[in-house]
1. Find all pairs meeting these conditions: Cβ atoms under 6 angstrom apart; at least six residues apart or on different chains; first residue within segment 230-259 and within 18 Å of residue 16 (Cα to Cα); second residue assigned to a loop (DSSP other than H, G, I, E, B) and at pLDDT below 95.
2. Looking only at segment 176-193, which residues are of a type outside the set (Val, Ile, Thr), out of contact with any Leu (no Cβ under 9 Å at 6 or more places or on another chain) and closer than 16 Å to residue 155 by Cα?
3. Has segment 47-68 got at least one residue that is within 17 Å of residue 192 (Cβ to Cβ), without any contact (Cβ under 8 Å) to a residue 40 or more places away in the chain and either in contact with a helix residue (DSSP H, G or I) (Cβ under 9 Å, 6 or more places away or on another chain) or not in a loop (DSSP other than H, G, I, E, B) (or both)?
4. Scan 40, 12 and give me the residue that is within 19 Å of residue 202 (Cα to Cα) and of a type in the set (Lys, Arg).
5. Which of the residues spanning segment 232-265 are in a helix (DSSP H, G or I), over 22 Å from residue 56 (Cβ atoms) and touching an Asp or Glu at 6+ places or on another chain (Cβ under 9 Å)?
6. Quick check on this structure: which one of 213, 268, 274 is more than 30 Å from residue 149 (Cβ to Cβ) and not aliphatic (A, V, I, L, M)?
Amino acid sequence: MPGAPPRPSPARRLVGVVLATIAGVAVAVQSRVNGELGVRLADGVAAAVISFGLGLLVLLVLVPATPGGRRGLAALRAALTAGRLRPWQCLGGLCGAFLVATQGLTVGTLGVAVFTVAVVAGQSASSLLVDRAGIGPSGRQPVTGRRLFGAALTVVAVGLAVGGRLNDPTALALAVLPLLAGIAVAWQQAVNGQVGRAAGSPLTATLVNFTVGIVALLVVFAVDIAVRGLPTGSPPAEPWLYLGGPIGIAFIAIAAAVVEFTGVLLLGLATIAGQVVGAVLLDVFLPTAASRPDATTLLGAALTLVAVLIAARR
């Protein structure tokens, strides 16, 4: 097909899957960090602003200081001027801001497990549609039986992993927010990949993502203050509660770099597998009020890895 992106090699796809899985572990850690920060501040939106703001500060220093970052900014400007990249493709940060805001708003109540299964359900379905529409840099990818089965198996596996914690109707109603965030994440990964490809730098794509996201969050935070007033909690003293932004940089940069080789669906499934594994590791080594993972949880985590392997095969 003329103009279609070249098919990536199996080695690149494998490296992309491994990196995306590692990024997924980081997302699980970020959810715990931002959720706890939101509880301490008694304001999930404030926690999201802090997380995105610190990440943006790091990028504002890092990108101009590196040759690749400066070249990326110049290439991004040229791509926008020439029309190779559309302005709407630079708005992935809106989805990232929404995801981080839902972490701060819901993880303290839902826990990482229920938050994860809601994001997974939305992301798996949305990834199929985004790939089919060809929004990502890997172009159109058909909804084959294997890919559809891999996505469905991922939802089943994560549901199995956290099934014992889904018996609270209030929590399930609140889980609509991360469900919508999961739907948005697939589109975010696709357009951030387009920005990264146009700029030749995933770090530049990450800077665009954080810039757009912080603007959106500041508007929401202003409305939040006008309606509810300033946050009632105090800024915590523990440094680890401010690592959500830097963790987000790693996740967004990896996703923007590898989506061209994996496609949106496979990137999402690998990230999901990492999230589930990360959630299990957090429950084992850094338990909270939630119970330690049982055999069902471990089985569900293993099943997500099987689902990724199924979807990854040509």
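1. 259/136
2. Within segment 176-193, 179, 180 qualify.
3. Taking every residue of segment 47-68 in turn, none turns out to be within 17 Å of residue 192 (Cβ to Cβ), without any contact (Cβ under 8 Å) to a residue 40 or more places away in the chain and either in contact with a helix residue (DSSP H, G or I) (Cβ under 9 Å, 6 or more places away or on another chain) or not in a loop (DSSP other than H, G, I, E, B) (or both).
4. The match here is 12.
5. If the condition is that a residue be in a helix (DSSP H, G or I), over 22 Å from residue 56 (Cβ atoms) and touching an Asp or Glu at 6+ places or on another chain (Cβ under 9 Å), then 263, 264, 265 are the ones that fit.
6. Just a single option satisfies the conditions, and that option is 213.
The values are calculated or read from the model by the stated rules, or taken from the named source; none is laboratory data. As the structure is a prediction and not an experimental result, all values here were calculated from the model. Counting neighbours? That spans all protein chains shown, and the Cβs are built from the backbone with ideal geometry, glycine included.
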